[in-house]
Every structure is written in C-alpha cells, then in structure tokens.
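Enquirer: Dumping the structure here so I can ask a few things about it.
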Amino acid sequence: MTSPRELTELINSFLAQIPYPAHPAELYSPIRYTLETGGKRLRPILMLSVIDALGGDVSQGLSQAAAIEIFHNFTLVHDDVMDNAQVRRGRPTVFHKWGRDTAILSGDTMLTLAYEYMTSCPDNILRPLLELFNRTAIEVYEGQQLDMEFENRDDVSVDEYIHMIRLKTSVLLACACELGAIVAGASEQTRKAFYSYGTSMGLAFQLRDDYLDTYGDPLIFGKQIGGDIINDKKTWLYITALNEDVSGELKRIIASKPDAQNKIEAVRSFYDSLNLPERICSLIEQYTEQAVKSLNSIEIKPGWKEYFTSLATDLNKRSL
C-alpha cells in the first residue's frame with residue numbers, strides 16, 4: 001500500500017518537473033506559481049489511491065493525476081478573476097499579481113496542458129478517459145454559472161443548491177476516483193462505485209466548508225469567519241434560513257445594512273435559533289455515510305477500504 005505521503009511526493013515531483021517554455025515568461029510564470037503553491041492535492045491523491053487499491057501501477061496514472069490537478073487549479077485561477085479575489089492559499093492571486101488578462105491567458109494554457117497530460121495514455125483507455133474528463137469539465141462550468149446566477153436570486157431552493165455544489169465541487173472528486181479505476185482496468189461496476197464515493201464525499205466536503213465559514217475558528221480556518229454572511233452568499237445555511245424565515249427577521253437584518261461584524265453576529269444568531277449548525281452537521285454525516293457505503297460493493301486490496309473510509313470521515317470533520 002502506497003502511503004498518502006508517498007503519493008503526494010510523487011505528484012509534487014511530477015508537477016515540479018513540467019518543462020515550461022522560457023518565453024513568454026509572463027504566460028508560464030503564473031502557472032508555475034500556481035502549481036507550486038500546493039494545496040491538499042486531494043484529487044490526484046484520490047486518483048492514485050484508487051489505482052493502487054485496485055492493484056494497478058500508480059506510475060501509469062501520474063500523467064492523468066497531474067492533469068486533474070492542473071485542471072482544478074485552472075478553475076481557481078479563473079474563479080479569482082470572476083470574484084476579483086486578492087488572496088489564494090495565503091498568497092496574492094494570479095489575477096492580483098499579474099492582472100486580469102494574463103490570468104485569463106495563463107488559465108487557458110493550464111486547461112490545454114491538462115488535456116495534454118490527460119491524453120498521454122494507452123490508446124485502449126483514451127476514449128473513456130476523455131469522455132469522463134470532458135463531461136466533468138462541462139459540469140464544473142455549469143456549476144460555476146449556476147453559482148453566479150444564484151447571487152441575484154432570493155428563491156434558490158436547497159435542492160438547487162445541492163445540485164450546484166455537486167457540479168461545481170463534487171464531480172471533479174468523483175472524476176478523479178473513476179479515472180483511477182479506468183487506469184487500473186476496473187469493471188464498470190467498480191468505476192461507478194468509486195464515482196459515487198467521490199460524489200457523496202464532495203457534497204459533504206462543500207457543506208463542511210459552508211459550516212466552517214460561519215462557525216469555524218479563525219485561527220485554525222486561516223481566514224476571516226463570516227465572509228459568506230457578509231457577501232450574502234447562497235450557502236445551505238443561508239438558503240435554509242431564508243426559506244424558513246417566517247417572521248422576516250433575516251430579511252430585516254440584511255435590509256438594515258449593519259456593519260460587517262454586527263451582521264455576522266445577527267445572522268449567526270438567527271441560524272442558531274433554527275438549529276442550523278446541528279442540522280448541517282447531520283447532513284454532512286449523511287453524505288459521508290453514503291460515500292462509505294459506496295465502497296461495500298468493491299473488492300480492493302487490504303487496508304484501502306479503511307483508508308477511504310477514514311479519508312471521507314476526516315475530511316468532513318476537519319477544522320480548516
């Protein structure tokens with residue numbers, strides 16, 4: 001069993017050795033800058049873990065694991081442009097450091113690089129890899145569009161929100177899992193089981209982010225708590241509270257335009273009155289349990305089922 005640390009070292013080494021052209025430096029420097037920042041490397045580690053768990057050769061999937069990580073970071077570079085974001089992972093964003101136009105072009109180049117590495121595979125698995133990757137990419141774009149549209153709506157339902165985060169967040173985790181199964185030569189049933197695992201884990205992962213943005217410890221979480229509240233972002237907490245706001249209290253709080261800290265405290269207090277912290281944690285647990293159940297139909301090497309179970313559980317009880 002290859003340890004998560006070893007897998008992280010493999011993917012970091014692969015990414016660090018990407019042979020970028022020297023010119024134009026302004027195009028390639030932001031890509032190197034973005035990929036060297038690190039992050040959890042969750043998606044490539046998931047993919048490589050699935051390959052190992054199914055008895056495959058991890059080295060045969062490194063190119064595709066790099067592709068999924070490059071694609072993920074491409075979406076972040078473009079998200080920062082759309083959000084006018086100044087900081088990402090504790091450093092200035094590409095958008096802030098190099099400007100809008102370079103961020104767009106470097107992001108476009110990252111997308112192309114992702115496809116270059118994704119297609120570096122044996123011919124017999126090229127078609128299923130590309131079909132899955134293309135479908136996933138389009139779904140991620142759909143999720144981002146829905147997220148933007150929700151900003152101007154006050155009638156977003158919880159079901160719509162779950163659908164949006166499935167597209168924006170979950171499908172890429174699910175894709176990483178199924179890509180690993182494809183590279184390992186697994187059956188259709190095993191591929192779909194791992195896809196289901198990634199989907200459910202991704203939903204729990206995003207809901208945990210929603211919870212932490214409002215109820216996390218700022219010293220541990222690494223950023224200001226309450227950003228979603230300040231920006232009236234449509235999260236599960238906000239949507240559920242708005243839908244259950246019989247007295248109109250939440251709408252009055254927002255309409256009064258309090259300063260940031262008072263707004264956070266008032267909205268959080270309203271969330272507490274509806275027992276939303278406990279309810280969202282219960283929902284996170286439900287999706288985590290669904291992820292774990294997806295593994296029951298899969299035969300994998302000893303130790304790996306416990307690893308995937310603990311990964312889902314630990315991710316969705318995290319403090320940052």
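Throughout, read-outs are computed from the coordinates displayed, never taken from laboratory work. Source: prediction; values computed, not measured. Reconstructed Cβ throughout: ideal geometry from the backbone, glycine too, with neighbour counts over all protein chains shown.
Enquirer: Can you compute the modelled spin-label distance between ASP259 and LEU242, with each label point 7 Å from Cα toward Cβ, in nm?
Expert: Calculated label separation equals 2.6 nm.
Enquirer: Test of the criteria: in the range 1-97, which GluC sites (Glu not before Pro) are in a DSSP loop and have at most 14 other Cβ atoms within 10 angstrom of their Cβ?
Expert: Numbers: sites: GLU6, GLU9, GLU26, GLU36, GLU69; in loops: none.
Here no loop site has a sparse enough neighbourhood.
Enquirer: Could I ask something else about it? Skipping prolines and chain starts, which residues have an amide H placed within reach, meaning under 5 Å, of the one on ARG88, given they are 5 or more residues away or on another chain?
Expert: THR93
Enquirer: Among the listed pairs LYS97/LYS317; LYS192/LYS305; LYS192/LYS301, which have their C-alpha atoms separated by more than 22 angstrom in this model? Mind dumping the intermediate values first?
Expert: Working: LYS97/LYS317 34 Å; LYS192/LYS305 16 Å; LYS192/LYS301 18 Å.
Over 22 Å Cα-Cα: LYS97/LYS317.
Enquirer: Then there's this: Round to a whole angstrom and tell me the spacing of the C-alpha centers of the range 276-320 and the range 134-204.
Expert: With the range 276-320 and the range 134-204 each reduced to a Cα centre, they are spaced 16 Å.
Enquirer: Okay, next question. What does the charge count near GLU6 come to, summing +1 for each Lys or Arg and -1 for each Asp or Glu among other residues with Cβ under 13 Å from its Cβ?
Expert: On the way: positive: ARG5, ARG41; negative: GLU9, ASP52.
Here the count lands on 0.
Enquirer: Could you tell me how many cubic angstrom of Cα convex hull volume the range 34-100 has per residue? Don't skip to the answer; put the middle values down first.
Expert: Working: hull volume 5.2 nm³, N = 67.
Spelled out: Cα convex hull of the range 34-100, divided by residues, is 77 Å³.
Enquirer: Would you please give the residues with an amide H less than 5 Å from that of GLY55, counting only those at least 5 places away or on a separate chain, with H modeled from the backbone geometry?
Expert: For GLY55, the qualifying residues are LYS301.
Enquirer: Translational D (Stokes-Einstein, µm²/s) of the range 270-318 at 4 °C and 1.567 mPa s when Rh comes from the Kirkwood sum over C-alpha pairs? Please list the in-between numbers first.
Expert: Values: Rh = 12.2 Å.
For the chosen part, D equals 106 µm²/s.
Enquirer: Write out the GluC sites (Glu not before Pro) in the range 147-250 meeting two conditions: DSSP loop, and at most 11 other Cβ atoms within 10 Å of their Cβ.
Expert: Details: sites: GLU149, GLU151, GLU160, GLU178, GLU188, GLU244, GLU249; in loops: GLU151, GLU244.
Hits after loop and neighbour filter: GLU151.
Enquirer: Using just the helices of the chain, give the 222 nm mean residue ellipticity in deg cm²/dmol: DSSP H runs with n ≥ 4 each add -39,500 (n - 2.57), and the total is spread over all residues, rounded to 500. Spell out each step's value before the answer.
Expert: Values: 17 runs with 227 residues, N = 320.
Roughly -22500 deg cm²/dmol at 222 nm, from the helical runs in the chain.
Enquirer: Equivalent ellipsoid semi-axes for the chain, as square roots of 5 times the alpha carbon gyration tensor eigenvalues: give them largest first, rounded to whole Å.
Expert: 34, 25, 17
Enquirer: Pulled fully out, how much extra length does the chain show between GLN189 and GLN86, if you take 0.36 nm times their separation in residues and subtract their Cα-Cα distance?
Expert: Working: separation 103, 0.36 × 103 = 37.08 nm, distance 4.33 nm.
Taking GLN189 through GLN86 to full extension adds about 32.8 nm, to one decimal.
Enquirer: When only Cα pairs under 8 Å and 6 or more residues apart are kept, what is the percent relative contact order across the chain? Spell out each step's value before the answer.
Expert: Working: 402 pairs, mean separation 55.9, N = 320.
About 17 percent, as a whole number.
Enquirer: How large is ³J(HN,Hα) for each residue in the range 196-204, as worked out from phi by the Karplus curve 6.51 cos²θ - 1.76 cosθ + 1.60 (θ = phi - 60°), to whole Hz, x for Gly and Pro?
Expert: Along the range 196-204, the couplings run 5, 4, x, 5, 5, 5, x, 5, 4 Hz.
Enquirer: Additional query: Given all pairs of different Cα atoms, what value in angstroms does the Kirkwood hydrodynamic radius of the range 64-162 take? Intermediate results must be reported in sequence, preceding the final value.
Expert: Details: mean 1/r = 0.0663 Å⁻¹.
Taking the inverse mean of 1/r over all distinct Cα pairs, the range 64-162 comes out at 15.1 Å.
Enquirer: Still on this model: What's the local net charge at SER273, with K and R +1, D and E -1, over the other residues with C-beta under 11 Å away?
Expert: On the way: positive: ARG268; negative: GLU244, ASP245, GLU249, ASP272.
Charge balance near SER273 sits at -3.
Enquirer: Under the √(5λ) rule applied to the eigenvalues of the Cα gyration tensor, what semi-axes describe the equivalent ellipsoid of the range 121-216? Give them in Å, descending. Provide the component values of the computation, followed by the final result.
Expert: Details: eigenvalues 170, 46, 19 Å².
Semi-axes from the Cα gyration tensor: 29, 15, 10 Å.
Enquirer: Then there's this: I'd like the FRET efficiency for GLU299 and ARG32, computed as 1/(1 + (r/R0)^6) with the beta carbon distance as r and R0 of 41 Å, rounded to 0.05. Spell out each step's value before the answer.
Expert: Details: r = 41 Å, r/R0 = 0.99.
Working from the Cβ atoms, E equals 0.50.
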